[in-house]
Each structure stands twice: as structure tokens, then as C-alpha cells.
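Since every read-out is calculated from the coordinates, none of them should be taken as a lab result. In this text, all values refer to a predicted model and were calculated from it rather than measured experimentally. Don't worry about glycine lacking a Cβ; one is built from the backbone with ideal geometry, like all the others, and counts go over all protein chains shown.
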Amino acid sequence: MPDVRNLKSSSATTEKTSAPPPEIWPGPMEGVAVAPFVEAVNALGLVSRWMTPFFRVSDRRPKLRKLKEFLAPFAAGNVPLHAQIMGTDPELLGSVAADFLSLGVASVDLNFGCPSKRVTGGDAGGGALRRPQLMREILSAVRRAVGEQAVLSVKLRAGYSAPEEMDVLLPLIAETGAVNQVFFHYRTVAEGYMPVPGREERFRQARKLLPGMPMILNGDISSVEEGNDLIRRFHAAGVMIARPWMRDPYLLRRFSDPAAPDPEEGRKRFFSALEKAGINRGAKLELARMLWGADSPRFRSLLP
């Protein structure tokens, strides 16, 4: 009779381990991901995971009922759900993060990247990048509140005013030991959504500053080929795509399903699903503009 221990040893040495598939994330688009939009995405199976738009934590701990209502449209998709929170009170953010985890979300993400002036004026979102010590306090407080086993990530930009700021901000994040994953958008807060050069150089520097950290790359990724190339070159865990996804609704799904519809067919199917979900006229026009462009006959046909 053969020695089972030797058989196990032999199989262990010859078995090939494969790398996990890349993580393909929809961007958490504040103001776009309203309930009918989320319903349409879920109905067509366009995402394999959700990160919510930010839940703003202000001056008091919200009731669990409010958090459940916030999560409900996303949870209906039956895919892993990740809650994003934003605020400036470290202890309060910790409490809300723990509450979200108690409701079954897979992880909590801290938003240090929103460039909206309404947000950054109060040091929330991307405004926190001007206050590294506040970032440190938030990360430490949230980790204490959620415990060591919870998955905690941050989404941030390359800096507030200049990309050189990442040389301070990214090591700070690593030094806290609080974070499991970083979502890195290559622009600064001041650059907003403007076209800027140097994306690959900024990705490269971020990778250098966080050599062992799982990183999701974000910003102007518009095809499967481009996304996979960036993942390979910068040893990233995946990519996050927002605005280009709005021009090609099946883009995220196409990473794992080459037979997914082409962009134009995808736009038609998605718009039909939006109408079926009962999206209001204003949002319908805005999404049509994003899908086809303001100069397209399809968009103009919807105007009064």
C-alpha cells in the first residue's frame, strides 16, 4: 500500500497555484448611483461587487434603520457589498463602520478622495489629504472600533494640491497598520476630473511607496485590455472604473465575460432597464448624456 503522506507531499509539490482573478470594481459615483440606477445594474448583472457612494457621517451616530435603507438597493444585487463612509470625527466614523459591518457588509472603505468643494471645505473626503494627522487618527480609531479581523480600505487621490504629496500620505497609511487595501486615483483633488499627464508615473510611484499593499488602480481606464495591462505592469489587485463604465455599461462584466454585448448594444439594454426601473426624467436625461454624449441624436431625441 503506498504511503499516503508521500502522495500528499508529491501532489503538493507538483500542484500549480494560480493567482486570484483581478478585482474589477464599479466606482462609487455619488449622485449617479440612485436606487433606479442600482436596480438596472443589478437586473442586468453588470457588476460582481458593489462599493456604495459615500455615507456622510456628520455630528451623530445614525440609527441602524437608516444604514439598512442606504444599503438596501445595493444588497438586492446579491453580490459582495462594501460600504464607503466619509467624515472628520474619528470616533464617530469608527462607530458607524462597526455598525455597517454588523449589517453584513464585506468591508468598509474610508473616503479620502472626493474632490467636491462642498466636501473638501470641511476637511472631509479629499480635504483630509491636507491634514495627515487627521487621517492617521481616523484610520487608528476606525481600526480599533471594527477589530483586527474586519477588512478596511481607503480610497484616496495622489494628493490635495500636488502629486508629490503622496510621498508623505501613502507611507502614513502603511505605517498605521490599519488598512487592508488602497484604492488609488492618480489625480490630485485640485485636478478634479481634468485631463492630466503622467498617470503611469503616478501609479508607479504609488506602487513603490506601498510595495506590499493590495492596490486597486483608478482613473480613466476605458477597456479590458488597458485595465489588464495596468494590473500586470503595476502588480495591482485590480482596477476601479467609474465614468468610462457609463459609456460602456457592460465594460466591467467584459473582464470575465468576453461574450458580453458591445458598447452600443449595452447602452441600449441599460437604458431600457433604467426606464423599466422608473428613473425620473432629470436623471434619465443625465444618464443618456453620459451614455451617448450631448451631441448624439439619441440624447437630443429625449430633449423637450
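Structure summary
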{"item": "Cβ-based charge dipole, segment 20-302, positive-most Cα from Gly125, Gly278, Pro90", "result": "Gly278"}
{"item": "Cut-off 13 Å between beta-carbons: net charge of the residues surrounding Phe203, Lys and Arg +1, Asp and Glu -1", "result": "+4"}
{"item": "Cross-link partners of Lys117 among aspartates and glutamates (Cα-Cα below 15 Å; sequence separation of 8 or more within a chain)", "result": "Glu30, Glu191"}
{"item": "Cβ-based net charge around Leu303, under 14 Å, with every Lys or Arg adding one and every Asp or Glu removing one", "result": "+3"}
{"item": "Difference of contour (0.36 nm per residue) and Cα-Cα distance, Arg232 to Asp59", "result": "58.0 nm"}
{"item": "Semi-axis lengths (Å, descending) of the ellipsoid that matches the C-alpha gyration tensor of the chain", "result": "31, 27, 21"}
{"item": "Chain lengthening between Arg118 and Ala35 when straightened (0.36 nm per residue, less Cα-Cα)", "result": "27.6 nm"}
{"item": "Computed [θ] at 222 nm, deg cm²/dmol, the chain (DSSP H ≥ 4; -39,500 (n - 2.57); rounded to nearest 500)", "result": "-13500 deg cm²/dmol"}
{"item": "Segment 116-191 - convex hull of alpha carbons, volume per residue in Å³", "result": "83 Å³"}
{"item": "Electrostatic dipole magnitude of the chain [Cβ: Lys, Arg +1; Asp, Glu -1; Cα centre; debye, to 20]", "result": "560 debye"}
{"item": "Compactness of segment 216-304 - radius of gyration and Dmax, Cα, Å", "result": "14.7, 49"}
{"item": "Relative contact order of the chain, defined on C-alpha pairs under 8 angstrom at six or more residues apart (%)", "result": "17 percent"}
{"item": "Sum of side-chain charges, Gly125 neighbourhood, beta-carbon under 13 Å (Lys, Arg +1; Asp, Glu -1)", "result": "+4"}
{"item": "Least to most buried among Asp262, Asp167 (fewest other Cβ within 10 Å first)", "result": "Asp262, Asp167"}
{"item": "Dipole magnitude of segment 24-142, debye to nearest 20 (Cβ charges: Lys/Arg +1, Asp/Glu -1, about Cα centre)", "result": "160 debye"}
